[in-house]
1. Scan Ile296, Ile258, Ile286 and give me the residue that is part of a loop (DSSP other than H, G, I, E, B) and of a type in the set (Val, Ile, Thr).
2. Considering (1) in contact with a helix residue (DSSP H, G or I) (Cβ under 7 Å, 6 or more places away or on another chain); (2) modelled with pLDDT under 95, say which one Ser439 fails and leave the rest.
3. Taking the stated definitions as given, is Leu327 modelled with pLDDT under 95 and under 24 Å from Val387 (Cα atoms)?
4. When you scan the range 505-521, do you find a residue that is in a loop (DSSP other than H, G, I, E, B), touching a strand residue (DSSP E or B) at 6+ places or on another chain (Cβ under 6 Å) and surrounded by fewer than 17 Cβ atoms within 10 Å (Cβ to Cβ), even just one?
5. Which of the residues spanning the range 55-82 are open to solvent by 60 Å² or more (accessible area, probe 1.4 Å), modelled with pLDDT under 90 and farther than 15 Å from Gly103 by Cα?
6. Pairs please, first residue from the range 89-100 and over 10 Å from Thr123 (Cα atoms) and basic (Lys, Arg), second anywhere and at pLDDT 95 or above and surrounded by 12 or more Cβ atoms within 10 Å (Cβ to Cβ), Cβ atoms under 7 Å, 6+ apart in sequence or on different chains.
7. Is it the case that Ile196 is open to solvent by less than 10 Å² (accessible area, probe 1.4 Å) and among the hydrophobic types (A, V, I, L, M, F, W, C)?
Amino acid sequence: MRTLSHSLGLVLLMAAGPVTAFDKLTIDATLNPSAQTINGRVTVEFSVPDSNWEEVLFRLYSNFPCDSPSTRTDLPDNKPCGTEIHGVTVNGADVRNEAKIEGTDLDVPIPKANHSSGPLEITIDFATHISDTGMDYGRQADGYFLYGWFPMPAPRRGNEWLKIQYGPESELVGDCFDITAIIHVPDSLELVSPGIAHIDSTDGIRAYTCNLQESHDFPVCILPKGYESGTRTLDHIQLTIRYRPEDSVVLDTVAEQIGHTMAFMSENVGPYPFGELVVVIGGPWIRGGLELPRLILLERPRSRFAPALYRSLVVHETIHEWFYGILNSNQALDPWMDEAATEYFTERVIRDISGGEGDRFSYWGISASFQDMRRLAARSVWTLVPVTLRSEQYAEPFEYFNAVYDKGCLVVQTLVNHLNDTDRRRFWHDYYQQFSFRSPTPLDFVTLLAQYPPYSSVSHVQHILNSNEPIDYQVEDISIRETSRNDTILSDSAAERVSQYTTKVTCVFYHPLPLPVALRVEYLDGTARDTTIVPDPGYHTYSFVGSSPGQTAILDPYYQISLDVNLLNNSLSRQGGRGVALRLMSGLTFLLQSLFQSVWGF
């Protein structure tokens, strides 16, 4: 196995900062398999609430499928669904009758007597019904997987609680709390969770006490008997992998890929601040992969997953521990902020692992790069939708994935590729340091990026982020004109005519971005010259004078403009025509992309 070349310990020692205290959230819940519920009590302690608060809004994420028949077509009309609220108190005062539920929102009123700057404690008794027909959570094969299953305070921005409009691809949204949970399950089952501090067993029931600091959810993965456990130590991090015996063949590979990814992200973005990470391979309802706070779930490595594709899945979900777990953007309102950034770093990490381009798919002697597959997927939405829509605004899952993941990654690449290596690394470090365990917005992202050249303003960055035009840079023509000049040859003092050439390159730009781009001319004598231009729309001719004729012209040779709709016309050679750009993307590659899009479930 490859030895990791990065040192997490040194990075952590240099970058670790003071611990931030968060409001406290306590859960005491019991799984009831016969009733198919998980019920209990959640208590939230706001240490310094706003004295003007008249209510606190809680999210009931598990209510979303109940109001969305399209996602639960086989749910019987008379079967209980979602979360029931059985009691609500505010600093001990009963307000259950005044509390209101509307969809995924629970509005808890704050009595006037509690309008003060002192601590505020809200307790909610609840019961959440567990479905076995859920989208990617619920009960399956005697196992349980739940997230967003308990009432949790909604995010607050400024003076307002955010009401989230969830769609089929939306993920839950919440701010961070220090969470303590006691989960009671039958001892025939096992809770798998980060932060398990203690386990008690009494009368056939196990009580798991868990501490999960700086977290915006407490996921519950409950496994039946038959799973084994493997552990690895990655510097200060304990990696625990739960798997079925028949899947043990991938244990070392998955551990190595996670270790490499965590080292890369710690070095290039910011340190992983926790002491553990838990991975479950082949748990209930796992199709593709899913990220949760300090918990990653992966599908079993079955035959439909080519090795390179499965590696991408592992790397992608690990990176989400940064872009979701640490940098907690609003995944319903701005899904590109975690998915597009995660895809951007997935490609970088795999290139670092492989030492080369790093194929996303490689099987049966056929391979396709990240760029090949991503650009093909993005083509269907290239000018149809921007990447900045809310998740529920995309018409269908393929539109969501192709825009947010694929086109979104190309947007992020285009934005950050124009920074030099030092500034690019500094940008991600600054982003991490400023917004760890906060909820950065698109404006936060673009405001920070606008501080780095070549960007001149926030609007400059926003123009590129929101671009929905058919951007195309083309080399149209190369012409050569031979000239001459008089040189004195020292050997015989005779004047001799020496050839000189003017190479003219004609380019055309459709909807160019306001960013510099390189125009490279490669000469017959093997030399090359890069000239930086800021293109305007239309046709432009550039002249180059030298002792050798130009043979090939290439626009954007470093592929900084990832949003160029057609890279195959970016180059032109006087001998052999076009074809210096990215390798041709065949119809077979497109077919493979279509087949594997359905299993890319993150």
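The values are calculated or read from the model by the stated rules, or taken from the named source; none is laboratory data. Bear in mind that the values here come from a model prediction, so they are computed numbers and not experimental data. Every residue, glycine among them, receives a Cβ derived from its backbone with ideal geometry; neighbour counts consider all protein chains shown. For the accessible areas, the whole protein counts, side chains as well, though only heavy atoms, and no ligand, DNA or RNA atoms are used. Shrake-Rupley method; radii C 1.70, N 1.55, O 1.52, S 1.80 Å.
1. Numbers: Ile296 fails: part of a loop (DSSP other than H, G, I, E, B); Ile258 fails: part of a loop (DSSP other than H, G, I, E, B).
When all the criteria are applied, what remains is Ile286.
2. Tallying (1) in contact with a helix residue (DSSP H, G or I) (Cβ under 7 Å, 6 or more places away or on another chain); (2) modelled with pLDDT under 95, Ser439 fails exactly one: (1).
3. Numbers: modelled with pLDDT under 95: no; under 24 Å from Val387 (Cα atoms): yes.
Against the criterion (modelled with pLDDT under 95 and under 24 Å from Val387 (Cα atoms)), Leu327 does not qualify.
4. Within the range 505-521, the subset in a loop (DSSP other than H, G, I, E, B) is 511-516.
Applying the additional criterion that residues be touching a strand residue (DSSP E or B) at 6+ places or on another chain (Cβ under 6 Å) yields 516.
Restricting the remaining residues to those that are surrounded by fewer than 17 Cβ atoms within 10 Å (Cβ to Cβ) gives 516.
Yes, because at least one residue in the range 505-521 is in a loop (DSSP other than H, G, I, E, B), touching a strand residue (DSSP E or B) at 6+ places or on another chain (Cβ under 6 Å) and surrounded by fewer than 17 Cβ atoms within 10 Å (Cβ to Cβ).
5. Residues of the range 55-82 that are open to solvent by 60 Å² or more (accessible area, probe 1.4 Å), as a first pass: 55, 67, 69-70, 73-74, 76-80.
Within this subset, residues satisfying the condition of being modelled with pLDDT under 90 are 67, 69-70, 73-74, 76-80.
Hits for the range 55-82 are Ser70, Thr73, Asp74, Pro76, Asp77, Asn78, Lys79.
6. As it stands, the answer is Arg96/Gly87; Arg96/Val88; Lys100/Asp107, since those pairs meet every condition given.
7. Details: open to solvent by less than 10 Å² (accessible area, probe 1.4 Å): no; among the hydrophobic types (A, V, I, L, M, F, W, C): yes.
So Ile196 fails the test.
Every residue, every condition in (1) assigned to a helix (DSSP H, G or I); (2) surrounded by 21 or more Cβ atoms within 10 Å (Cβ to Cβ); (3) out of contact with any Phe, Trp or Tyr (no Cβ under 9 Å at 6 or more places or on another chain); (4) among the polar types (S, T, N, Q), yes or no:
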position: Met373; (1), (2), (3), (4): yes, yes, no, no
position: Gly408; (1), (2), (3), (4): yes, yes, no, no
position: Arg424; (1), (2), (3), (4): yes, no, no, no
position: Gln433; (1), (2), (3), (4): yes, no, yes, yes
position: Phe445; (1), (2), (3), (4): yes, yes, no, no
position: Pro453; (1), (2), (3), (4): no, no, yes, no
position: Ser456; (1), (2), (3), (4): no, no, yes, yes
position: His463; (1), (2), (3), (4): yes, no, yes, no
